[in-house]
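So the structure is just underneath, and the comments pick up after that.
The values are calculated or read from the model by the stated rules, or taken from the named source; none is laboratory data. Here the structure is a predicted model, which means the values were calculated and not measured. Here the Cβ positions follow ideal geometry from the backbone for every residue, glycine too, while neighbour counts run over all protein chains shown. Just the protein is used for accessible areas: all its heavy atoms, side chains included, with ligands, DNA and RNA removed. Shrake-Rupley method; radii C 1.70, N 1.55, O 1.52, S 1.80 Å.
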Amino acid sequence: SDPITDVFTNTTASRQVVVYQVTPYGPSALSCVGNTVNVQVYVDPLPDGTISVDKPVVCYGSSALLSFAMTVGTAPFEIVYNDGTSDITVSNIANSHFIAVNNLTATTTYTFKSIKDVNGCVQTLSGQDVTITVENPIADFSMDIDEDCTPLEVTFTNNNIQPGTVYEWNFGDGSPVITSSDPTVTHTYINNSTVSDVSFSPLLTATITNGTVICTHSMTDFVTVHAGVSLNVT
């Protein structure tokens, strides 16, 4: 007998049944008709799924949770996703699957590439990706001098100025905190004592706000101001 080819596309979300009625005829000279036989063919849909993330914005070094939801198909599934560097295959999973991504250091796009269900049906996905934005404010400063006599004027240099970042200077001597994105700021330290040195701890805090996520980074150092000189004349 000659093979017969037919194509059936299942556009639903569940298994469909196609019934073929096969009736034999022949030989041609006699045109005899045989018994009709019903043949059932089961056509499974292509699996489908989505990817999402619980935290689309995080601070440097934080974690997030990728969620894979299989919306069509029969478990267990095998999925392939890309982490921005390479393809990763995860097998034998249920309709919902979660993957933790830890110690995030750079903005990364994760792409859900393909899905295969237990019936061996494979779907190549498109447009299924999520991006995790990593905010990384950096506080880094240097000083032109860190020790001398009172009054001591110190020039601070901000070594890493990033757009969209707020920089707060706390000079550590009780003076008001100032906000400045200038490359340098100057502050004068006073030691009112005539018997002992005084050390101060200047603090620079860098802050980035993205939606409801606030990321900060701080740096501190020390400034030592020597005691003043007292002169009594009679």
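Values computed for the structure shown
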item	result
Selection of GluC sites (Glu not before Pro), segment 108-162, meeting DSSP coil and at most 14 other Cβ within 10 Å	none
Distance in nm between pseudo-label sites at SER14 and VAL37 (7 Å out along the Cβ direction from Cα)	3.0
Relative contact order (%) - criterion: Cα under 8 Å, at least six apart; region: the chain	15
Cα centroid separation - segment 187-234 against segment 10-49, whole Å	86
Within a Gaussian network of the chain (alpha carbon springs, distance under 10 Å), most fluctuating of THR107, THR207, THR184	THR184
Spin-label proximity, ASN119 to segment 88-109 - amide N less than 19 Å from point 7 Å beyond Cα toward beta carbon	92-96
Virtual paramagnetic centre 7 Å along Cα→Cβ of THR186, amide N under 16 Å, in segment 142-160	143-146, 151-158
Within a Gaussian network of the chain (alpha carbon springs, distance under 10 Å), most fluctuating of VAL122, VAL39, VAL166	VAL39
Pairwise FRET efficiency - THR155 versus VAL195, Cβ, R0 = 25 Å, nearest 0.05	0.35
Relative contact order (%) - criterion: Cα under 8 Å, at least six apart; region: segment 118-178	24
Cα-projected label distance for ALA75 with ILE88, points at 7 Å along beta-carbon direction, nm	2.0
Calculated SAXS-style log₁₀ I(q)/I(0) at q = 0.11, 0.12 Å⁻¹ - the chain, Debye, Cα scatterers	-0.78, -0.84
Spin-label model distance (nm) - GLN21 vs SER218, 7 Å beyond Cα toward Cβ	8.3
Solvent-accessible surface (1.4 angstrom probe) belonging to MET143, in square angstrom, nearest 10	40
